[in-house]
Structure formats: structure tokens, C-alpha cells
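A.B. asks: Once you've had a glance at the structure underneath, I'll fire off some questions.
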Amino acid sequence: MKAYINGLGAVAPQETLDKDHFLDQVESYNENRLQIIQPNYREYINPKVLRRMSKIVRLGVVSAKIAMEDAGLDQPDAIITGTGMGCQVDTEKFLNAMLENNETLLTPTAFIQSTHNTMGAQIALMLGNNNYNFTYVHRTFSFESALLDSMMMLAENEASNVLLGGIDEITEESWLIKTRIGYFKFDSINSLNLLGDKQTGALAGESSAFFVLSNKKTDNTYAEITGTSTFYKPESIEETQERISNFLSVNKLSPDSLDLVILGYNGDPEYDQLYQNLEETIFNLCSVAYYKHLCGEHDTASAFALWIAAKALKSNTIPEIIVKEKKKQNSPKNILIYNQFRNINHSLILLRQV
Amino acid sequence: MSSKIVVTGLGIITAIGNNIEESYHSLVNQKSGIGPISILQTIHKDNFVLGEVKKSQDELIEMAEVDPQEPWTRTALFGIIAAKQAFNDAGLDKSKGKIGLVSATTVGGMDRSELHYTSFVHDAVFNAFIDTHHAGDSTEKIADQLKIKDYLTTISTACSSSLNSIMFGARLIKNGIVDKVIAGGTDGLSKFTLNGFNTLMILDKDQCRPFDASRRGLNLGEGAAYIVLEREENAKAEGKKIYATLSGYANANDAFHQTASSEEGDGPFLAMKNALDKGKLSPEDIDYINVHGTGTDNNDLTEGRAMIRLFGDKLPAFSSTKAYTGHTLGAAGSVESIISILSLQNNTMFPNINFKEVINEIGIKPISKVEKKELQHVLTNSFGFGGNDSSLLFSKYVGS
């Protein structure tokens, strides 16, 4: 299975819309929560429709539109999204109203928009697209499941062009709740100082990244995705190493032959040591990059990592701000993205230059 | 290698039974599980009826044989109970190939979140339930109980979720990602969904009446259902009983409205038609349809129109079984897949209870008593918010 990335679009806590810049002017944050820089929605969405859309739906629609325009695609053969937490704003709105008013005085809008497939549905509605439309909702497997489905659709010849997206939003309330259980840091740090912080927890964040995947190369092709895989609750670091090496060998690569590995360092020392271990063992010859100081931790952060990797392969540029260890001097021909959530959900995405 | 995907295990828990035998018994005896509310704590207790599984949290924990000290949602417990049945029924053996789990849910752990949410925000008493809220939690709890590690994921596409999990499960096998899949869905009843559907004014205060002229809306239900899928040659090599062949599947989008279906049921029509095409069958090959038939004004009318568009005047026998189980949302597709498989296996079509009078605009009549007939091919539909429409085609297994 393989897929060409023929178009992409993202919104994130960084400037992503200006094609002339690629993470060369970096935003830093001091409140442990990195929020998406909201685009001028009116440039992308009809104001009448815009009014009814919640933030996450708007962000999804904007990034999907940018990706499709970039690829010169009018109608995808499938729309496949991944979102760990779905429409949190609307879910909280309906839940809080229900609890505060003891199940009275409720209106349907927030409930209707709270379903996880709202982004995929609204994109289909906007395009008048009757095709296959799936949404995966499994924490940090969400985007990778959507990616696997997309690659399967291409392999099965069920689709020539798939619109794939990963999207998650962070709300004030979910941020506070998850700070309480130690998933996010309590004391403020600057987002760019994420590595090496001793405090428990990650920095919270959000992003939306969409891709047009195709079985045909075009003049606009960014990169080729050659494989993706997930694994669950490895019993030891040795199992993690073995799973990664096996995945690479299936794709006729070894860890040593990788040019660049993009790791999901999120600032939580307990889990960042897993990445550190891999850097010192199987990845000891590769250049290493990280990205969650730019977008924060969220279930579909690896979609933003894929956006970075695809742009890096097309432009032969690795933005300075993502470099952690530079061990190979040449511009990368292949990149592995590896992410894990609290040593439970592990995922791999492999790309190569075309 | 043959591309035939067969069903080798079944597991179910809903308002009409805690397992396959009890469910079948309720279906042939036309026994509905929908009645007054006694489990869900809601101010609407006396206003609506529900298809509740009449088991307390403690009773479910006992049935699922799990550690009572851990944080369990009803969604996870139903999932474990039904998935275990399917796993054991298929005699799955982890040493014989890779096993995947594809589960579906609409609101995940909401049944507990809504009880403890104020505490999540203001104090620390129910912290353990914070991370049971997300949709993948029940899937991971099932995977941990069954020790499944090779592949797991969760799908949420509103009311069509678990037909989609079965579809994706079959494709995982075809693409060589895993050898066997447990696929289905689970949802526990919550005030969140009851109040949500109430704001849409599509809940019937009495038992729902799918495809009846006087229908007033749906009844919510809860539960879980899972099936085991594998390649035919795998199942034969291991000498397994085979319930049915999954011979076709399709998902399409209505692209009309977030909650309402298009006039002529474009999405439902495409889902059914593409499922038939996938199975290389024509409309006249279909013997029975287990319809989505929620009992809402909009669904039954547009689903009926889509069926007429596809089948013309050769409409096969059809019925909705929502008046037995209620609408189990994320579990509905897999619940009705199992009911369809039971129909195939027993050559028995279960009646659309509470039907009296045909809907004028479409003039089609569901079966209203238990009917016995040799069945070869059965279609089942699930349609959801966001215009997400799916159909699966199950066929009687014929050895090759």
C-alpha cells in the first residue's frame, strides 16, 4: 500500500497559511495551552453557512478546502477523518446546559453538532459529496486509523483521491480537567522550553491538518506515504524497539537507513524518556526532530507532524525550529513519524521523497 | 486466496436479552424490551419509555467478570459482555493469526461522565472517570479483557457507526492487516442522548411504530453486539461453524442536512445499491431487509422511498426491529446485523411490531407476523446524523 500526498492544508498554533513561509517565524506560548491561529474564515466559507458552524467544524472545513485547492481537486472519492475528542465545545455546551438546568430549557443545536462525524459530514454537505465518509475516534490512533483506511481505499481501487483529515480542539474546560489528572502541566512554562521540563504532564494543544491522498503522482506531489502502523500497550521498551524495526523492515528499511525521525516529545518527562531511549538506541544514527512545542499535545498531533514532514520532503528544507539532533547532513529522502500516548497508543507513519 | 469473508461468532446484549438465545426467543415471541424507565436517573422518567438493559452497574460488573475497583462505564461493560460471547463463540485462539478489534460508539463513556462531570470540573472525587469519557475507552477495555493487541480502533459516525465497524473489519482482513476481526458497537444510555433526541422532538412517548402511518418518533435503547469475521478458508481449516457470508457492504453520504434525510433518500439508495453491486447481486436476489426504521416521520418515509427507487414493485419482505430493542445508536448496526444473521440461519423473518397502517405517501407494508421462508440474501441498513448511510449484505453460507 502506498499513497501520494498531492495536496495539504493545516491550521495550527503557528502560521501555516502563508505558502512562502515554512515555520520560520515561530509563535511561542506561556499559558500551557497552544491554540490555533484562527484564519479569516470568510475567505473560505460562505458567511451564511459560517454562522452555523462551530469552531472545530470551521477549522476542519478551512483546512480541507486548502488541501483540495492545493491538489486541484473538486470532489474526493472518500472523506475520512480522525478526531480523538470530536466536537468538545458543543459536547460541553450541551452537557453543561443539561446539568445546570436539570434537563430543561435545552436547544438542539449543540447536540446535533456534538457527534464526532460532524466535520466529515459538513465537508460532504458543502461539496455535495455522496461518497464514502468515515470518522475514527480512538485517541492517538484516530488519525492513523483514518490514514490506514485511506491507503486501503486506494489499494482496493475504491478511490483515486481521498480527502484525509486529523483534527482536535482544546477547550478551557477539558484543559483544566486534564491538568487536574496530570495529563497537562500545572505551572506555566514557555512552549519553546518544552524539552527537559521536569514537571509532570504535557502542553495542551490543537490543530487541523487535511491531505489529498492519491494513487497517482502529480506535479504538486509532496511525498509518498509508504506505510503506517499502530501498536498497543507494548510490554517493554524492547517490544517497542522491535515493533518499530519490524515495521521498517516490512518497508525495506532499517532504523540506520532513516534520514530523519520525527518524535512526539510532549514535555512529560515520564513518557518523553521513551523517545530518549529510542534516540540512544535504534535511532542513534538518525537526525531527530520534534514538533509538539509548536502545536501542543492532542490526539491528532501526528497529522500536523505529517504536514511538516510532507512539506520538508517537497521543499528539501527542515525548519530549524523542529531540529533536535542533526546527525545526517544531507536533506532527507525518508522520514519516520513516531508518536505515543502515555505508552499506550503507539503509531508510525513512513514517508519518502518522490 | 478466496476473498470470501464469513461470520463465525456472535455476541449480544440488549433490552431483549443478555445473549443470542434470549434475543432470538424475544424476537420469535414478539416480545419488546421497551418499557418504563427504571435504570436511567432522569427527570423524564415518567415521560418516555426506553429499551434499557435492566441491570445495575454492579450486576453488569459481575456479568462482565471484571475488577469492581476499576472505573467502568456501561458502554464498556456492555461491550465486554457482548465481545466476550463473540470471541468464545468463534473459539478465537491468539496463537492462530492476528486478531483485530473494531468497535463503534456514539457517546463513549458519557453515561458516567454526566454523573460525575461537576466533580471533574470542581473537585477530585471522580477523577478515575475523566479518562473513561473518550470514545476509545470502551474499545481498550474490551481489548484488555480479551488480550487483543494486534490492531484496534474505534469508529463514530452516529447511528451507522457499527455497520461501519463491520465494514472496516472486513476490509482489514481483505487487506491483510489482520486475520480475524471482532467488529461491532456499544452504547450505554445517557441523559445526554435522551435529552438530545428530546430537543429534536423525535422521541415517541410510547413504543415506537416503525413504518406505521401514526408513527411519532423513536425510542432509545442500549447494549452492544459484536460479530467475528474471518476468511472462509481460515474458518474451514479450523473446523468452525459458519453463520453467514458478509457478501456486500457500502457507505454513502446523503449530503443533504446534518440531521434530516433528503426527500428521495439519496444516501440510503446509494448505500443499498452499492452494497448489492459489491456483492454482485441484483435487487431481485434480496429476500429480506432489516431496515433502519427508527419510527421517525423523516426516516421511515425517506428510507421507504429509497427502497422503492431501488426495488421498484419487487420490494422484498422487510421489517424494523427497533420496536424490540429501541434505537441502540452506536450498537444499532451490529445488533441488527446479528438479527439479520439469525433470520438467515433460521429462515425466519421477525415482524415489525406495532405496525397497523401503511404510510400513504409510500404505501409499503412491513411484515407483521413471524414468517418462515428460505432466505439466501439479507440486507440491513443503518443511517445516521451527518447523512452517514450504510448497508451490509449477509448471505447464507454456501461451501466452496
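A.B. asks: Positive end of the charge dipole of region A:226-352 (Lys, Arg +1 and Asp, Glu -1 on Cβ, about the Cα centre): tell me which of A:Ile262, A:Ser315, A:Ser249 has its Cα farthest that way.
C.D. replies: Positive-most Cα among the choices belongs to A:Ser315.
A.B. asks: Here is a follow-up. Net charge near B:Val125: determine it from the other residues with C-beta under 14 Å of the C-beta of B:Val125, scoring Lys and Arg +1 and Asp and Glu -1. Please list the in-between numbers first.
C.D. replies: Details: positive: A:Arg180, B:Arg112; negative: B:Asp123.
It works out to a net charge of +1.
A.B. asks: What does the net charge come to around B:Phe385 if you take all other residues with beta carbon closer than 13 Å to its beta carbon, with K and R at +1 and D and E at -1? It would help to have the intermediate numbers written out before the result.
C.D. replies: Details: positive: none; negative: A:Asp90, B:Asp254, B:Asp389.
Summing Lys/Arg as +1 and Asp/Glu as -1 gives -3.
A.B. asks: Please list, or write none, the aspartates and glutamates whose alpha carbon is within less than 16 Å of the alpha carbon of B:Lys180, excluding same-chain residues fewer than 8 places away.
C.D. replies: Cross-link targets: B:Asp89, B:Asp93, B:Asp150, B:Glu230, B:Glu232, B:Glu233, B:Glu238.
A.B. asks: For peptide B:365-374, compute the average count of partner chain beta-carbon atoms within 10 Å of each residue's beta-carbon. Walk me through the numbers on the way to the answer.
C.D. replies: Working: counts 0, 0, 0, 0, 0, 0, 0, 0, 0, 0.
Going residue by residue through B:365-374 and averaging, the value is 0.
A.B. asks: Let me ask something else about it. Shape of region A:3-214 from its Cα gyration tensor (a ≥ b ≥ c, root eigenvalues): rounded if a/c is under 1.5, otherwise prolate when a/b > b/c, or oblate?
C.D. replies: Details: a/c = 1.67, a/b = 1.21, b/c = 1.38.
In terms of gyration-tensor shape, oblate.
A.B. asks: Take the Cα atoms of region A:85-199, build their convex hull, and give its volume per residue in Å³.
C.D. replies: On the way: hull volume 18.5 nm³, N = 115.
So the per-residue hull volume is 161 Å³.
A.B. asks: Next question. Apply the Karplus curve 6.51 cos²θ - 1.76 cosθ + 1.60, θ = phi - 60°, to the phi angles in region B:335-347 and return the couplings in whole Hz, x for Gly and Pro.
C.D. replies: Working through the residues one at a time gives 4, 6, 5, 5, 4, 5, 5, 5, 4, 4, 5, 9, 6 Hz.
A.B. asks: Please report, to two decimal places, log10 I(q)/I(0) for region B:244-302 at q = 0.25 Å⁻¹ as given by the Debye formula with identical point scatterers on the Cα atoms and no solvent.
C.D. replies: Computed log10 I(q)/I(0) values: -1.10.
A.B. asks: Going by average Cβ neighbours within 10 Å, how do the peptides B:281-292, A:16-27 rank, with the highest at the top? If you can, show how the numbers build up before the last one.
C.D. replies: Working: B:281-292: 21.7, A:16-27: 14.3.
The packing order, highest mean first, is B:281-292, A:16-27.
A.B. asks: I would also like to ask the following. For region B:150-268, report the % of Cα-Cα distances exceeding 22 Å.
C.D. replies: Values: 3659 of 7021 pairs.
Percentage above 22 Å: 52.
A.B. asks: Would you calculate a helix-derived [θ] at 222 nm for chain A, using -39,500 (n - 2.57) for each DSSP H run of n ≥ 4 and dividing by the full residue count, to the nearest 500? Before the final figure, lay out the partial values.
C.D. replies: Values: 11 runs with 117 residues, N = 354.
Helix-only estimate at 222 nm: -10000 deg cm²/dmol.
A.B. asks: For Cα pairs less than 8 Å apart in space and 6+ apart in sequence, what is the mean separation divided by the residue count of region A:203-282, i.e. the relative contact order in percent?
C.D. replies: Numbers: 21 pairs, mean separation 21.8, N = 80.
In percent, rounded to a whole number, it is 27.
A.B. asks: With unit charges on the beta carbons (Lys and Arg positive, Asp and Glu negative) and the dipole taken about the Cα centre of region B:21-80, which residue among B:Ile43, B:Pro71, B:Leu60 sits farthest to the positive side?
C.D. replies: B:Ile43
A.B. asks: Are there any trypsin sites (Lys or Arg not before Pro) in region A:175-240 that are in a DSSP loop and have at most 10 other Cβ atoms within 10 Å? List them by number.
C.D. replies: Numbers: sites: A:Lys178, A:Arg180, A:Lys185, A:Lys198, A:Lys216, A:Lys217; in loops: A:Lys185, A:Lys198, A:Lys216, A:Lys217.
Answer by residue number: A:Lys198, A:Lys216.
A.B. asks: Here is a further query. Which net charge results for the neighbourhood of B:His327, defined as the other residues with beta-carbon distances under 12 angstrom from its beta-carbon, given Lys and Arg at +1 and Asp and Glu at -1? Spell out each step's value before the answer.
C.D. replies: Details: positive: B:Lys322; negative: B:Asp187, B:Asp204, B:Glu222, B:Glu336.
Local charge sum for B:His327: -3.
A.B. asks: What's the Cα-based Rg to Rh of region B:1-130, Rh via Kirkwood? The partial results should precede the final answer.
C.D. replies: Values: Rg = 17.8 Å, Rh = 17.3 Å.
In region B:1-130, Rg relative to Rh is 1.03.
A.B. asks: Let me ask another. About the Cα centre of region B:34-75, how large is the charge dipole given +1 on each Lys and Arg Cβ and -1 on each Asp and Glu Cβ? Please answer in debye to the nearest 20. If you can, show how the numbers build up before the last one.
C.D. replies: On the way: 4 positive and 8 negative charges, 63 e Å.
Result for region B:34-75 is approximately 300 debye, rounded to the nearest 20.
A.B. asks: Taking amide H atoms as placed 1.01 Å from N in the peptide plane, list the residues 5 or more away in sequence, or in a different chain, whose amide H sits under 5 Å from that of B:Leu101.
C.D. replies: B:Tyr151, B:Leu152, B:Thr153, B:Ile182
A.B. asks: Right, something else. Could you work out the equivalent-ellipsoid semi-axes for region B:262-400, taking the square root of 5 times each eigenvalue of the Cα gyration tensor, largest first, in whole Å?
C.D. replies: Over the Cα atoms of region B:262-400, the semi-axes work out to 20, 17, 15 Å.
A.B. asks: To the nearest 20 debye, what is the magnitude of the charge dipole of chain B about its Cα centre, counting +1 on the Cβ of each Lys and Arg and -1 on the Cβ of each Asp and Glu?
C.D. replies: Values: 39 positive and 48 negative charges, 182 e Å.
I would put it at about 880 debye.
A.B. asks: Cα to Cα, under 18 Å, and not fewer than 8 places away if on the same chain: which lysines meet these conditions relative to B:Lys141?
C.D. replies: A:Lys233, B:Lys84, B:Lys94, B:Lys149
A.B. asks: Hey, another quick one. HN-Hα J couplings of region A:60-71 from phi, Karplus 6.51/-1.76/1.60, θ = phi - 60°, integer Hz, Gly and Pro as x?
C.D. replies: x, 5, 4, 5, 5, 4, 4, 4, 5, 4, 4, 8
A.B. asks: Which of rounded, prolate or oblate describes chain B when judged by the alpha-carbon gyration tensor and an a/c cut-off of 1.5?
C.D. replies: Oblate, since a/c reaches 1.5 and b/c is not below a/b.
A.B. asks: Over region A:226-352, what is the mean sequence separation of C-alpha contacts under 8 Å (at least six apart), divided by residue count, expressed as relative contact order in percent? Before the final figure, lay out the partial values.
C.D. replies: Working: 191 pairs, mean separation 46.4, N = 127.
Worked out over region A:226-352, it gives 37 percent.
A.B. asks: Shape call for chain A from the C-alpha gyration tensor, a ≥ b ≥ c root eigenvalues: rounded (a/c under 1.5), prolate (a/b greater than b/c) or oblate? Please report the intermediate quantities before stating the final value.
C.D. replies: Working: a/c = 1.62, a/b = 1.18, b/c = 1.37.
Verdict is oblate for chain A.
A.B. asks: Under a point spin-label approximation (7 Å from Cα along Cα-to-Cβ), what is the B:Ser3-A:Thr104 distance to one decimal in nm?
C.D. replies: Computed distance between label sites B:Ser3 and A:Thr104 equals 5.9 nm.
A.B. asks: A 23 angstrom limit on the alpha carbon distance is what I want to check against. Which of B:Lys273/B:Lys356; B:Lys241/B:Lys365; A:Lys198/A:Lys324; B:Lys96/B:Lys147 exceed it?
C.D. replies: Values: B:Lys273/B:Lys356 29 Å; B:Lys241/B:Lys365 35 Å; A:Lys198/A:Lys324 18 Å; B:Lys96/B:Lys147 14 Å.
With Cα atoms farther than 23 Å apart: B:Lys273/B:Lys356; B:Lys241/B:Lys365.
A.B. asks: I would also like to ask the following. Could you give the size of the charge dipole of the protein assembly as shown about its Cα centre, using +1 on the Cβ of each K and R and -1 on the Cβ of each D and E, expressed in debye and rounded to the nearest 20? Spell out each step's value before the answer.
C.D. replies: Details: 70 positive and 91 negative charges, 278 e Å.
So the dipole magnitude of the protein assembly as shown works out to roughly 1340 debye.
A.B. asks: May I pose another question? Positive end of the dipole of the protein assembly as shown, charges at C-beta (+1 Lys, Arg; -1 Asp, Glu), about the Cα centre: which of B:Leu218, A:Thr171, A:Leu278 has its Cα farthest in that direction?
C.D. replies: The residue sitting farthest along the positive end of the dipole is B:Leu218.
A.B. asks: Take every Cα-Cα distance within the protein assembly as shown, group them into 10 Å bins from 0 onward, and report for each bin the whole-number percent of pairs it holds.
C.D. replies: Bin by bin from 0 Å, the calculated values are 3, 16, 27, 27, 18, 8, 2, 0.
A.B. asks: If packing is taken as the average number of other Cβ atoms within 10 Å across a peptide's residues, how do B:246-257, A:88-99, B:64-75, B:38-49 rank, most packed first? All intermediate terms of the calculation are to be shown ahead of the outcome.
C.D. replies: On the way: B:246-257: 23.7, A:88-99: 20.7, B:64-75: 18.2, B:38-49: 14.8.
By packing density, highest mean first, the sequence is B:246-257, A:88-99, B:64-75, B:38-49.
A.B. asks: I'd like the mean, over residues of B:130-142, of how many other protein chain beta carbons sit within 10 Å of each residue's own Cβ.
C.D. replies: Working: counts 6, 6, 0, 4, 8, 11, 13, 2, 0, 5, 7, 0, 0.
Neighbouring Cβ atoms belonging to other protein chains average 5 per residue here.
A.B. asks: Here's a follow-up. Expressed as a rounded percentage, what relative contact order does chain B have, with Cα pairs under 8 Å and six or more residues apart? Write down the numbers at each step before the final one.
C.D. replies: Working: 1055 pairs, mean separation 91.6, N = 400.
So the answer I get is 23 percent.
A.B. asks: If you don't mind, there's one more thing I want to ask. Can you list the aspartates and glutamates whose alpha carbon is less than 14 Å from that of A:Lys65, not counting same-chain residues fewer than 8 positions off?
C.D. replies: A:Glu43, A:Asp74
A.B. asks: Using θ = phi - 60° and the Karplus relation 6.51 cos²θ - 1.76 cosθ + 1.60, list the HN-Hα couplings for region A:239-256 in order, rounded to whole Hz, with x at every Gly or Pro.
C.D. replies: Per-residue couplings from phi come out as 5, 4, 4, 5, 4, 5, 4, 4, 4, 5, 5, 4, 8, 6, 9, 10, x, 5 Hz.
A.B. asks: So who's got an amide H within less than 5 Å of the one on B:Leu218, skipping anything under 5 residues away but keeping other chains? H placed 1.01 Å off N, in plane.
C.D. replies: Amide H neighbours of B:Leu218: B:Leu203, B:Asp204.
Values quoted throughout were computed directly from the atomic coordinates according to the rules given, and no laboratory measurement underlies them. Since this is a predicted model, take the numbers as computed values, not measurements. So basically every Cβ, Gly included, is an ideal-geometry build from the backbone, and we count neighbours across all protein chains shown.
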